[in-house]
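Encoded as C-alpha cells, the structure appears first; notes follow it.
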Amino acid sequence: MALTDDIHLLSQLPLFKDMSEDQLRLIAFGADRRMIAAGQMLFRQGSPAESAYVVVSGSLELSTTGSDGMQRAEAIAGPGTLISELALVTLVERKF
C-alpha cells in the first residue's frame, strides 16, 4: 500500500478526520504494517499498549479471558476499525 493510500485510510477514521494532509502524512509515515494470519493473536488482554491498530482488511475477533480462564468473544473488528486508540496518548493496558 502506498503512503497516499495510508493517508486516505487515516482520514476516514473519526479520530483523525480534522487533521490536515500533512499531519496525516506524518502519522502514516511513522506507521508499521502487520499481516496477521488466521488464528494468530495480535496482543493479549492486559499487556502494555504502546500503539494503536487500524484494521485495513479482513476482521479481528476481540475477546476477553474470564476469571474462569475461558475466552469470550466480545466483538468483531472489521475494516476501518481503530483499536487501542488511547495508546496514542498514554501508556495503558490492552482491554481486549
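When all alpha-carbon pairs of the chain are counted, what percent fall beyond 17 Å? Summing the P(r) tail past 17 Å for the chain gives 55 percent. Here the Karplus relation 6.51 cos²θ - 1.76 cosθ + 1.60, evaluated at θ = phi - 60°, turns the backbone of segment 24-40 into coupling constants of 5, 4, 4, 5, 4, 5, x, 7, 10, 9, 10, 9, 10, 6, 3, x, 7 Hz, with x for every Gly and Pro.
Fully extending the segment from Leu26 to His8, taken as 0.36 nm per residue of separation minus the present Cα-Cα distance, adds 5.2 nm. When you restrict to C-alpha pairs under 8 Å that are six or more residues apart and normalise by the size of segment 42-96, the relative contact order lands at 50 percent.
For Ala75, the amide hydrogen comes within under 5 Å of the amide hydrogens of Leu62, counting only partners 5 or more places away or on other chains and with H modelled in the peptide plane.
Multiplying the residue separation of Thr81 and Arg44 by 0.36 nm and subtracting their alpha-carbon distance yields 11.5 nm. Between Asp68 and Met35, the C-beta separation translates, for a Förster distance of 25 Å, into a calculated FRET efficiency of about 0.15.
Taken together, the values in this text are just the output of simple stated rules run on the coordinates, not laboratory data. Since the model is a prediction, treat every value here as computed from it, not as a measurement. Note that we place each Cβ from the backbone using ideal geometry, even for glycine, and neighbour counts take in every protein chain shown.
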